[in-house]
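What follows is a short report on a single structure.
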Amino acid sequence: LATHEVRERAQRPLEALNKRTGETANLMELEGDDIVYVARWPSIHAISVDLHVGSRLPAYCTAAGRAILSRMKPEEALSHLKAVHRTAMTEFTVTHLAGLRRLLDQAREAGYALNNQEAFIGDISVSAPLVDSDSRPVAAINIAVPTPRWRLEDVLAELVQPLLKTAASINRDIRYL
């Protein structure tokens, strides 16, 4: 991880995002069917989900996974979703292909993906893709917050723009990799 180019270029902007929001900021990559946490800056508050660098979660039910999949060619993303066993991790997890396709379309259009308690009860995440010079996804960044302190509408109003600004900054830097 010490020599990981994207991690190195994302470190300062993600640290700044973490300090600005006071919330957990993460850098993740797609590996097979999972997203893998590459870097993590924890919230200044007590958090309900205890993940660490190296943790893996299914891509289909995470904001980061959906952000990455949304930047793939639609047929490639659909092929990925069809190939993976999709099990509900919570009562809110979307597992059917039609719903996942709709969520990827929304993420593609909005520039970010949302997860409202689909991987963990009590966790809301928003994520933006990081892309290379050919606009292929290489990673995603996200902000994760607990529902006891945050409502979905507040996440959308207060965290999406700082997230997108941070992703744009990192994307400007990594397009030359």
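The values are calculated or read from the model by the stated rules, or taken from the named source; none is laboratory data. What you are looking at is a predicted structure, and each value in this text was computed from that prediction instead of being measured. Every residue, glycine as well, gets a Cβ built from its backbone with ideal geometry; the counts of neighbours run over all protein chains shown. Side chains included, ligands, DNA and RNA excluded: accessible areas come from the protein's heavy atoms. Shrake-Rupley method; radii C 1.70, N 1.55, O 1.52, S 1.80 Å.
If you roll a 1.4 Å probe over the heavy atoms of the protein chains, what accessible area per residue do you get for the chain, in Å²?
50 Å²
Note on Lys165: lysines with a C-alpha under 24 Å away, same-chain residues under 8 apart excluded, are Lys19, Lys73.
You can think of it this way: the chain between Phe92 and Lys19 has 23.3 nm of extra reach, that is 0.36 nm per residue less the Cα-Cα gap.
Each residue, His4 and Arg56, gets one label point 7 Å from its Cα in the Cβ direction; the gap between the two is 1.4 nm. By accessible area, using a 1.4 Å probe on protein heavy atoms only, the chain has 49% of its surface on carbon and sulfur. Spin-label model, Asn116/Glu153: points 7 Å from Cα along the beta carbon direction are separated by 1.1 nm.
Under 1.5 on a/c is rounded, so check that first for the range 1-159, then, if it is not, pick prolate when a/b is larger than b/c and oblate when it is not; a ≥ b ≥ c are the square roots of the alpha carbon gyration tensor eigenvalues. Oblate.
The label-point distance for His45 and His85, in a model that sets each label 7 Å from Cα toward Cβ, rounds to 3.6 nm.
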